[in-house]
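The values are calculated or read from the model by the stated rules, or taken from the named source; none is laboratory data. From a predicted model like this one, the values you see are computed outputs, not experimental measurements. We place every Cβ from the backbone using ideal geometry, glycine too, and count neighbours over all the protein chains shown.
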Amino acid sequence: MCSCKSFNTNSEDISIVASLTRDYIDSFNMMSTDVKASIIQDDSVIIEQRISLLTKNGIIGFVLVMIILTLFLHPSLAGWVAVAIPISFAGMFILASFYGITLNVISLFGMIIVIGILVDDGIVIAENIYQRFEKGEGPFKAAVNGTLEVLPAVTSAILTTIVAFSLFFMLDGMLGDFFPEMGFVVIGTLLFSLIEGIIILPSHIAHSRALKGQKPNKYIEVTINKTTLFLDNVKNNYYFPFFKV
């Protein structure tokens with residue numbers, strides 16, 4: 001019995017290399033009657049599982065953001081906030097291409113970690129802009145003032161996470177060979193999320209239907225009103241009395 005290994009280079013896709021290797025083994029086994037080849041370990045399976053998990057988490061996060069923000073704010077606001085997920089990842093992918101960061105177990109794990117905190121800044125900014133608009137400010141004034149009001153808090157929250165993951169670049173030994181990629185992915189994605197949240201998102205919201213006074217679908221509006229009444233009831237009958245005790 002003998003064994004051989006097939007590797008991919010930094011410029012090659014591991015999934016494509018694995019697929020070509022499987023095809024070669026199948027054709028070899030069809031032609032050979034005395035010697036048979038089989039796959040003992042396939043690392044591309046792990047990558048494909050991580051990509052599948054990342055895709056599933058991204059879809060779930062996108063849908064949850066849409067549903068929750070629709071219940072509390074406005075459908076158009078929910079859509080623009082959720083768009084931050086693909087925009088942030090797209091920006092990170094572009095940045096990663098210049099630094100030789102590839103899709104692997106470590107980088108994909110970083111994406112899975114960061115996807116849960118991508119829209120936090122967008123939610124805070126969108127809610128504050130909408131709140132100012134409801135108080136009587138114009139769309140553009142509400143977008144500018146609403147963003148500037150929460151900018152220090154949002155920036156501090158993002159920078160805190162960035163500082164935590166920047167420690168990965170200081171690791172030595174075997175960990176230092178792998179974990180910096182995870183830190184790069186998380187930091188890059190968060191930076192583009194912050195840029196999108198303070199520059200692109202306010203502009204989109206200022207031109208959205210929510211700030212043009214257009215009401216959502218009547219069924220959605222009824223759901224929003226019922227949700228608001230429920231939360232007001234919880235606030236007045238349970239939350240406030242609890243802190244008065």
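Take the stretch 162-210 and flag every residue that is within 30 Å of Phe140 (Cα to Cα) and either hydroxyl-bearing (Ser, Thr, Tyr) or not assigned by TED's automatic domain parsing to the domain that holds Gly100 (or both). If the condition is that a residue be within 30 Å of Phe140 (Cα to Cα) and either hydroxyl-bearing (Ser, Thr, Tyr) or not assigned by TED's automatic domain parsing to the domain that holds Gly100 (or both), then Thr189, Ser193, Ser203, Ser208 are the ones that fit. Applying the criterion of at least 1 residues that are among the aromatic types (Phe, Trp, Tyr) and over 30 Å from Gly122 (Cα atoms) to the helices (runs of 4 or more DSSP H) found wholly in the stretch 13-96 leaves 14-31.
Taken residue by residue, the stretch 98-113 has at least one member that is surrounded by fewer than 16 Cβ atoms within 10 Å (Cβ to Cβ) and on the phi > 0 side of the Ramachandran plot.
Residue-wise test of (1) in contact (Cβ under 8 Å) with a residue 40 or more places away in the chain; (2) closer than 25 Å to Leu191 by Cβ.
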site: Phe7; (1), (2): no, no
site: Arg22; (1), (2): no, no
site: Ser27; (1), (2): no, no
site: Thr33; (1), (2): no, no
site: Ile60; (1), (2): no, yes
site: Leu69; (1), (2): yes, yes
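Every residue, every condition in (1) free of Cβ contacts under 8 Å to residues at least 12 places away in the same chain; (2) closer than 18 Å to Pro86 by Cβ; (3) of a type in the set (D, E, K, R), yes or no:
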site: Phe133; (1), (2), (3): no, no, no
site: Glu137; (1), (2), (3): yes, no, yes
site: Thr161; (1), (2), (3): no, no, no
site: Phe179; (1), (2), (3): no, no, no
site: Met182; (1), (2), (3): no, no, no
site: Leu190; (1), (2), (3): no, yes, no
site: Ile205; (1), (2), (3): no, yes, no
